[in-house]
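Let me give you the structure first, and then I'll get to my questions.
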Amino acid sequence: VIQPEPYEVYDNLAEVYGDPFIDEAGEQLIRFSRAVVPGRLLDVGAGRGAVAKAALAAGFDVSAIDRAPAMVRMLARECPAVRPQAMSADELDFADGAFDIVVAGYVLDLLPDPGRVFGEIHRVLRGEGILAYSEPSQVTHRWLWLHEIASRYFARPDAASMQADHHRMLETLAHSAKRAGFTMLERLEYESPLLFADETSAWRFLQKEGGLARATRELPPSARSAFAAEVMSGLLHMTRGGAGITVDRGVTLFRAIRL
Ligand SMILES: C[S@@+](CC[C@H](N)C(=O)[O-])C[C@H]1O[C@@H](n2cnc3c(N)ncnc32)[C@H](O)[C@@H]1O
């Protein structure tokens, strides 16, 4: 089986990519970077521009690159001011020291050779330039049950090994950043929980934003209703006690400096 490259997956998703929390995470990444306006900012793996648009609104001089042509086309249509270009993160077509700040939202963990990408980012940043990147948050405790159910219905690891993999992934990225010449400054867990009154409204949200609907369609019809019933009963357990259901949405933010 030939695995598609990460950008090919996103090229096909360009039309539907994004949600309000992804935009919020982009705004938080810019705020967290504490970079000084006006500065020359590069958004690596910009996608539909969640980070680039926030940077533009904050007053930065923005350039955006992405390897997926469909993402670049959509971003160019929606927000030409961020100067979207089709380019790969591991071969940046910019001069040494061209930027004061580089940001990368939800992208570095997708890349086959993050060490090379950190090297390129280091090269295009000026001395004392800032790199700010985000990665998905760890699965929180109260949702482990959902991952357990999913691991029985789908070919995916159980919750404990997912947590271990996630931790290892973040460590590996930070390690590659250091090897490329960055000094890690800060890490922040940003959380934006959503509260639902009952299991039906939480289910509806998870179907839409949590990708449950897409996942469920992959199941044979016979397994579909059993899966839905298990998830509903899990949600019902969460509402016991009357406190409603908290859907955790979070992003892990990192800030490093090129000394
Ligand atoms: C999860 S999306 C994140 C998009 C955006 N940064 C955000 O926060 O919404 C990952 C993006 O990385 C892009 N990408 C994947 N491989 C890439 C590469 N080698 N170089 C540049 N971009 C790449 C994908 O096309 C996709 O748009």
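What number of residues within the range 127-142 are surrounded by 19 or more Cβ atoms within 10 Å (Cβ to Cβ) and more than 16 Å from the ligand (Cβ to nearest atom)? Steps first, answer last, please.
Step one: of the range 127-142, the residues surrounded by 19 or more Cβ atoms within 10 Å (Cβ to Cβ) are 129-135.
From the residues that got through so far, the ones that are more than 16 Å from the ligand (Cβ to nearest atom) too are 129-130.
Summing the residues that are surrounded by 19 or more Cβ atoms within 10 Å (Cβ to Cβ) and more than 16 Å from the ligand (Cβ to nearest atom) in the range 127-142 gives 2.
I'd like the residue in the range 1-42 that is more than 11 Å from the ligand (Cβ to nearest atom), closer than 22 Å to A81 by Cβ and among the charged types (D, E, K, R) and, out of all such residues, is modelled with the lowest pLDDT.
E15
Could you give every pair whose Cβ atoms fall below 6 Å, whose first residue belongs to the range 94-118 and is over 18 Å from E171 (Cβ atoms), and whose second residue is within 13 Å of the ligand (Cβ to nearest atom) and of a type in the set (V, I, T), counting only separations of at least 6 or pairs across chains?
V102/I121; V103/V51; G105/V51
What about V62, is it more than 16 Å from the chain's Cα centre (by Cα), within 25 Å of R187 (Cβ to Cβ), buried (at least 16 other Cβ atoms within 10 Å of the Cβ) and free of Cβ contacts under 8 Å to residues at least 24 places away in the same chain? Show your work before the answer.
Details: more than 16 Å from the chain's Cα centre (by Cα): yes; within 25 Å of R187 (Cβ to Cβ): yes; buried (at least 16 other Cβ atoms within 10 Å of the Cβ): yes; free of Cβ contacts under 8 Å to residues at least 24 places away in the same chain: yes.
Considered against the rule, which asks whether it is more than 16 Å from the chain's Cα centre (by Cα), within 25 Å of R187 (Cβ to Cβ), buried (at least 16 other Cβ atoms within 10 Å of the Cβ) and free of Cβ contacts under 8 Å to residues at least 24 places away in the same chain, V62 comes out as yes.
Same structure, new question: Look at the range 90-126 and say how many of its residues are assigned to a loop (DSSP other than H, G, I, E, B) and surrounded by fewer than 24 Cβ atoms within 10 Å (Cβ to Cβ). Lay out the reasoning, then the answer.
Start the filter on the range 90-126 by keeping residues that are assigned to a loop (DSSP other than H, G, I, E, B), which leaves 90-98, 106-107, 111-113.
Right, trim to surrounded by fewer than 24 Cβ atoms within 10 Å (Cβ to Cβ) and you get 90-98, 106, 111-113.
Matching residues across the range 90-126 total 13.
Ok, one more. Which pairs have Cβ atoms under 6 Å, sit 6 or more apart or on different chains, and link a residue in the range 7-34 that is touching a residue at least 24 places away in the same chain (Cβ under 8 Å) to one that is assigned to a loop (DSSP other than H, G, I, E, B) and of a type outside the set (G, A, S)?
Y7/R67; Y17/R48; G18/R48; D19/E209; F21/R249
Also, I was wondering about something else. For residues that are among the small types (G, A, S) and in contact (Cβ under 8 Å) with a residue 24 or more places away in the chain, scanning just the range 202-225, find the one that is surrounded by the most Cβ atoms within 10 Å (Cβ to Cβ). Before you say what the answer is, go through the steps one by one.
So the first thing to find is which residues in the range 202-225 are among the small types (G, A, S), and the list is 202, 210-211, 213, 215, 222-223, 225.
Keeping just the survivors that are in contact (Cβ under 8 Å) with a residue 24 or more places away in the chain gives 202, 210, 215, 223.
On the way: A202: 24, G210: 17, A215: 16, A223: 14.
Top of the filtered list is A202.
Another question, if that's okay. List the pairs whose first member sits in the range 127-147 and is of a type in the set (F, W, Y), whose second member is within 16 Å of the ligand (Cβ to nearest atom), and whose Cβ atoms are under 6 Å apart, counting only residues at least 6 apart or on separate chains?
Close Cβ pairs satisfying both conditions: Y133/A104; Y133/L108; Y133/F254.
So which of A89, A50, A68 ends up being within 9 Å of the ligand (Cβ to nearest atom), among the small types (G, A, S) and within 20 Å of A177 (Cα to Cα)?
Working: A50 fails: within 20 Å of A177 (Cα to Cα); A68 fails: within 20 Å of A177 (Cα to Cα).
Result: A89 is the single residue among A89, A50, A68 that is within 9 Å of the ligand (Cβ to nearest atom), among the small types (G, A, S) and within 20 Å of A177 (Cα to Cα).
Count, please, the residues in the range 36-59 that happen to be aliphatic (A, V, I, L, M), surrounded by 22 or more Cβ atoms within 10 Å (Cβ to Cβ) and in a loop (DSSP other than H, G, I, E, B).
Step one: of the range 36-59, the residues aliphatic (A, V, I, L, M) are 36-37, 41-42, 44, 46, 50-52, 54-58.
Among the residues that remain, those that are also surrounded by 22 or more Cβ atoms within 10 Å (Cβ to Cβ) are: 41-42, 44, 46, 50-52, 54-55.
Cutting the leftovers down to in a loop (DSSP other than H, G, I, E, B) gives us 46.
Total satisfying the criteria: 1.
Another question, then. Which of (1) surrounded by fewer than 16 Cβ atoms within 10 Å (Cβ to Cβ); (2) closer than 21 Å to F118 by Cα is the odd one out, the single condition N12 does not satisfy?
Result: N12 fails condition (2) only.
The values are calculated or read from the model by the stated rules, or taken from the named source; none is laboratory data. Note that the structure is a prediction, hence the values are computed from the model and not measured. Every residue, glycine as well, gets a Cβ built from its backbone with ideal geometry; the counts of neighbours run over all protein chains shown.
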